[in-house]
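See below for the structure under consideration.
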Amino acid sequence: MDGLPQRWWQWVLMYPTIVIALFGAVPQYYHWVEAASIGIPFSGNVRGAKEQEMAWERNVNCLHGIDHIRPSSSTNYSIDLVSCPSGDILVTLTPLQNPDQQISRWIVTKALFSQFAQSFFGTPALAQATGTQRAGPTPVRILDIKKEGATVIRRVQLSNNTCIEETIDAYTGRRLDHKSAPCEKF
């Protein structure tokens, strides 16, 4: 009985502390369950993943037939930008050495302005343009796009006039699959 509290006040202090500690961790448990349910790591940004999914939902119709902007960069990946009337910008990065590891993220400009107002002036982003270009055919135009749950499927026309169908995870922006497709809408 050495490990058990000997006085009444030890019992009163010990057990409520355990209950308070467990109760205080409930938001963390909720975060873990939510992260697991959408397929991101427990320490992942659940709010950010949901914002990305909402941006795909909001802008899915804007991506039909819009031309892309491909700025030159001195990076080892190519950059592709699509601006929507909502103000959101889809940034797609494709590694030059492994084009299958493409990732797409939405920049929600309304959120940027609210962050700017909170921090007044943030660190400015610097950009430099050089003559580096991606090898192989590049996406020219999105022909059609649809959303099925947390998956976005888009049909893209390439610079060599062939088309591919890409499957993208709306939470993470990662391209899950791509395959040849006819150059027509779904």
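The values are calculated or read from the model by the stated rules, or taken from the named source; none is laboratory data. The structure displayed is predicted, hence computed values, not measured ones. Heads up, the Cβs are rebuilt from the backbone with ideal geometry, glycines too, and the neighbour counts pull from every protein chain shown. The protein model used for the area step is the full one, side chains on, heavy atoms only, and it has no ligands, DNA or RNA in it. Shrake-Rupley method; radii C 1.70, N 1.55, O 1.52, S 1.80 Å.
Remarks
- Checklist (1) modelled with pLDDT of 90 or more; (2) surrounded by 17 or more Cβ atoms within 10 Å (Cβ to Cβ); (3) more than 18 Å from Lys50 (Cα to Cα) applied to Asp88, failing item: (3)
- A Cβ distance below 8 Å, combined with a sequence gap of six or more or placement on separate chains, defines the contacts here; from the stretch 32-46, residues that are assigned to a helix (DSSP H, G or I) reach residues that are open to solvent by 60 Å² or more (accessible area, probe 1.4 Å) and not hydrophobic (A, V, I, L, M, F, W, C) in the pairs Ala35/Pro41; Ala35/Ser43; Ile38/Lys50.
- The one condition in (1) assigned to a strand (DSSP E or B); (2) open to solvent by less than 40 Å² (accessible area, probe 1.4 Å) that Leu81 fails to fulfil: (2)
- Hey, Arg7 of a type in the set (D, E, K, R), farther than 24 Å from Ile168 by Cα and free of Cβ contacts under 8 Å to residues at least 60 places away in the same chain or not: yes
- Ala21 being touching a Phe, Trp or Tyr at 6+ places or on another chain (Cβ under 9 Å) and either touching a residue at least 24 places away in the same chain (Cβ under 8 Å) or open to solvent by less than 90 Å² (accessible area, probe 1.4 Å) (or both): no
- Scanning the stretch 149-181 for residues that are in contact (Cβ under 8 Å) with a residue 24 or more places away in the chain and part of a loop (DSSP other than H, G, I, E, B) yields Ala150, Thr162, Ala170, Tyr171, Thr172, Gly173.
- Within the stretch 167-186, the set of residues being of a type in the set (S, T, N, Q) and open to solvent by less than 80 Å² (accessible area, probe 1.4 Å) comprises Thr167, Thr172.
- No other residue among Thr123, Thr167 is of a type in the set (S, T, N, Q) and modelled with pLDDT of 90 or more apart from Thr167.
- Yes/no for Ile40 being touching a helix residue (DSSP H, G or I) at 6+ places or on another chain (Cβ under 8 Å), within 30 Å of Ser159 (Cα to Cα) and open to solvent by less than 80 Å² (accessible area, probe 1.4 Å): no
- Among the numbered conditions (1) at pLDDT 80 or above; (2) open to solvent by 100 Å² or more (accessible area, probe 1.4 Å); (3) not in a loop (DSSP other than H, G, I, E, B), the only one that Trp9 does not meet is (1).
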